[in-house]
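Written out below as structure tokens is the structure these notes cover.
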Amino acid sequence: MHKVPKIGGQGAKYIESALNAYKKGERKFPSMRAIADSLSEQDIADVAAYYAEHGTQADLPAKPTLEPNAQVAQLLQKGACVSCHGDNFAKPIDPSYPHIAGQHADYLFVALKSYKVEKNTNVGRGNAIMGGIAKQFSNNELK
């Protein structure tokens, strides 16, 4: 079992994108699919606006409080994470991308592993870019 993601302070476009991905079945998690299916487009926009305004992402430090060790820094560079998720992983280059700084480590591990899953009706995420990135790492490296 892992912690649920921190969604407060995520960008509204990211929250909308995630909920729509659950609704379309691109993100596979049965309870989230049921929730997303119950929401209208306006509901999704309202929920996204609420969580975007009520969160902690804006309170993140300007610089990491802990520098990654050499091995982790090399893995982050291999995945080119900062190129999409931005400085300190808190300034995505696209509003539909998540802030990953400050996220629970166990949640990020589960999320990254889910991009590697194929042909499973209950688990996985259908994103070609993240799938390609995650598949180049072993699960031990993702952790």
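The values are calculated or read from the model by the stated rules, or taken from the named source; none is laboratory data. This structure is a prediction, so every number in the text was calculated from the model and none was measured. We place every Cβ from the backbone using ideal geometry, glycine too, and count neighbours over all the protein chains shown. The area values use the complete protein model at the heavy-atom level, side chains included, leaving out ligands, DNA and RNA. Shrake-Rupley method; radii C 1.70, N 1.55, O 1.52, S 1.80 Å.
Key figures for this structure:
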item	result
Inter-residue pairs, beta-carbon under 7 Å, first within 21 Å of residue 2 (Cβ to Cβ) and in region 83-104, second part of a loop (DSSP other than H, G, I, E, B) and among the basic types (Lys, Arg), 6+ apart	102/6; 103/6; 104/3; 104/6
Residue within region 124-133 that is within 17 Å of residue 22 (Cα to Cα), in contact (Cβ under 8 Å) with a residue 60 or more places away in the chain and open to solvent by 60 Å² or more (accessible area, probe 1.4 Å) present	yes
Residue list for region 1-39, filter: open to solvent by 50 Å² or more (accessible area, probe 1.4 Å) and over 19 Å from residue 126 (Cβ atoms)	1, 2, 3, 4, 6, 7, 38
Selection count, region 60-93, where residues are modelled with pLDDT of 80 or more and under 18 Å from residue 10 (Cβ atoms)	12
Residues located in region 5-42, provided they are within 19 Å of residue 116 (Cα to Cα) and assigned to a loop (DSSP other than H, G, I, E, B)	5, 25, 26, 29
Residue match in region 97-106 (condition: out of contact with any Leu (no Cβ under 9 Å at 6 or more places or on another chain) and closer than 17 Å to residue 19 by Cα)	yes
Residues that are within 20 Å of residue 11 (Cβ to Cβ) and aromatic (Phe, Trp, Tyr), drawn from region 99-113	107
Any hit, region 52-59, residues being at pLDDT 95 or above, part of a helix (DSSP H, G or I) and loosely packed, with under 13 Cβ neighbours inside 10 Å	no
Whichever residue in region 92-123 is part of a loop (DSSP other than H, G, I, E, B) and of a type in the set (A, V, I, L, M) and, among such residues, is least open to solvent (accessible area, probe 1.4 Å)	101
Within region 62-91, considering residues that are open to solvent by 90 Å² or more (accessible area, probe 1.4 Å) and hydrophobic (A, V, I, L, M, F, W, C), the one farthest from residue 136 (Cα to Cα)	62
Per-region count, region 19-40, residues free of Cβ contacts under 8 Å to residues at least 24 places away in the same chain and either within 17 Å of residue 99 (Cβ to Cβ) or in contact with a Pro (Cβ under 6 Å, 6 or more places away or on another chain) (or both)	0
Meets criteria (among the hydroxyl-bearing types (Ser, Thr, Tyr) and either touching a strand residue (DSSP E or B) at 6+ places or on another chain (Cβ under 9 Å) or at positive phi (or both)) for residue 83	no
